[in-house]
Structure formats: C-alpha cells, structure tokens
Amino acid sequence: MTDIDISTWKFPSDVVLADRDFSKPAPFDILLGAEIFFEILITERYVCKCLPVLQNTKLGYILSENYTIRMLRITRGSVIPFLYRQISFIT
C-alpha cells in the first residue's frame, strides 16, 4: 500500500480532520456500525471540486468520495438509478 498524495489539497482553515494521517496506510483504530455512524454526524459539510467531500462529525472531519445518483435508461421507457463517481482532477 502507498500513501495518497495530498500535497496539492487545500483544506479550509477551520477543518480539523478526525485522522490527520489518513493519507498513510495504517490499521483501523475502530470500525463503527451504521447506528453509531449516523449519531456522530454534524450538519457542517464542505463540497469542493478539488477535494473529496468533507463531512463534520463529533470526531472531526472525515472524507468521502463524491457520488451522484443518475438515471440510466436500459430499455424504452425504463430507467434505473445508479451511482456515478464524479472525478475531479486537481491542478
């Protein structure tokens, strides 16, 4: 496993990450179940073109991919929702 290159990422100044070393491979400290995960979420969120989504929690900000639900037409008149990964290139 290799480190994630975050040298060009510019986090907002008020963001305190839950794991400051998230870009370096390491064992998990804890795995939360869904019932706990949703209880630690806080409403503040940053969505930027150049970064993953930054979601505030009681533990600090966490990062996640940016997915969008799109509708895919599979046959005449039929559509199904699917997740579309939005890829941003950092310049």
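For Tyr61, the amide hydrogen comes within under 5 Å of the amide hydrogens of Val16, Leu17, Ala18, counting only partners 5 or more places away or on other chains and with H modelled in the peptide plane.
Using every pair of separate Cα atoms, the Kirkwood estimate puts the hydrodynamic radius of the stretch 1-46 at 13.2 angstrom.
Full-extension gain between Glu35 and Ser23, please, as 0.36 nm times their residue separation minus the C-alpha to C-alpha distance.
Numbers: separation 12, 0.36 × 12 = 4.32 nm, distance 2.61 nm.
Taking 0.36 nm per residue and subtracting the Cα distance, the gain is 1.7 nm.
Listed by Cβ neighbour count within 10 Å, with the fewest neighbours leading, Arg20, Arg45 appear as Arg20, Arg45. When Thr57, Thr8, Thr43 are arranged by Cβ crowding within 10 Å, least crowded first, meaning fewest neighbours, the order is Thr43, Thr8, Thr57. Across the stretch 1-66, Cα pairs under 8 Å and at least six residues apart give a relative contact order of 30 percent.
Each value in this text was obtained by applying a stated rule to the coordinates, not by laboratory testing. The shown structure was predicted, so the numbers you read here are calculated from the model rather than taken from an experiment. Cβ sites come from the backbone with ideal geometry, for glycine too, and all protein chains shown count toward neighbours.
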